[in-house]
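The structure appears below as structure tokens.
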Amino acid sequence: MNITELTPDEKLSRIFRAISTPARFRILMAIGTGEACVCHLEALLDLRQAYISQQLMEMREANLVEPRREGRYIFYRLTEPQLLPALIEIGKLFSIPTAEMENQLNTEPLPQCCCPDCIAQLDPSFIP
């Protein structure tokens, strides 16, 4: 069934199911308002590539993330970036400190990530 054919309560239920695991929440926060490749998520979250890809597939099916291919790298971004502030507000409802949730947001390049974005930010002389 296509997500556009779902009722509003079914859509909302599918969204919450798609972010129901700690790994998926961490992935969403790591992507943040920008984008991240699988190798970046792997380096940042210390999770296996296959596991991250599986979680991203679940979130793609729920229309939470969308991919962009650049050569051999696939970058993911949130389909609705306003999801992040909503997640933080939900956390506040359950007494999760805002700073604790915002600390999981990541915008920094990682030296252990081999994607062109991280390399270019860490080494301005890099030419892809």
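The values are calculated or read from the model by the stated rules, or taken from the named source; none is laboratory data. The structure displayed is predicted, hence computed values, not measured ones. Because the Cβ atoms are built from the backbone with ideal geometry, glycine has one as well, and the counts that use them run over all protein chains shown.
In segment 55-62, is there at least one residue being closer than 11 Å to Cys37 by Cα, in contact (Cβ under 8 Å) with a residue 24 or more places away in the chain and surrounded by 13 or more Cβ atoms within 10 Å (Cβ to Cβ)? Within segment 55-62, one or more residues are closer than 11 Å to Cys37 by Cα, in contact (Cβ under 8 Å) with a residue 24 or more places away in the chain and surrounded by 13 or more Cβ atoms within 10 Å (Cβ to Cβ).
Filtering Ala36, Ala30 for residues that are farther than 22 Å from Ile90 by Cα and under 10 Å from the mean Cα position of the chain (by Cα) leaves a single hit, Ala36. Residues in segment 31-68 that are among the hydrophobic types (A, V, I, L, M, F, W, C) and under 15 Å from Asp117 (Cα atoms): Ile31, Ala36, Cys37, Val38, Cys39, Leu41, Ala43, Leu44. Condition test on Ile74, is it in contact with a helix residue (DSSP H, G or I) (Cβ under 9 Å, 6 or more places away or on another chain), without any contact (Cβ under 8 Å) to a residue 60 or more places away in the chain and surrounded by 12 or more Cβ atoms within 10 Å (Cβ to Cβ)? It is true that Ile74 is in contact with a helix residue (DSSP H, G or I) (Cβ under 9 Å, 6 or more places away or on another chain), without any contact (Cβ under 8 Å) to a residue 60 or more places away in the chain and surrounded by 12 or more Cβ atoms within 10 Å (Cβ to Cβ). Please verify whether Ser53 is at pLDDT 75 or above, part of a helix (DSSP H, G or I) and not hydrophobic (A, V, I, L, M, F, W, C), treating the condition exactly as stated. Taking the combined requirement at face value, the residue satisfies it.
Scanning segment 1-50 for residues that are part of a helix (DSSP H, G or I), aliphatic (A, V, I, L, M) and without any contact (Cβ under 8 Å) to a residue 12 or more places away in the chain gives Leu12, Ala50.
Answer yes or no: is there a residue in segment 92-99 that is surrounded by 13 or more Cβ atoms within 10 Å (Cβ to Cβ) and touching a residue at least 40 places away in the same chain (Cβ under 8 Å). No, segment 92-99 contains no residue that is surrounded by 13 or more Cβ atoms within 10 Å (Cβ to Cβ) and touching a residue at least 40 places away in the same chain (Cβ under 8 Å).
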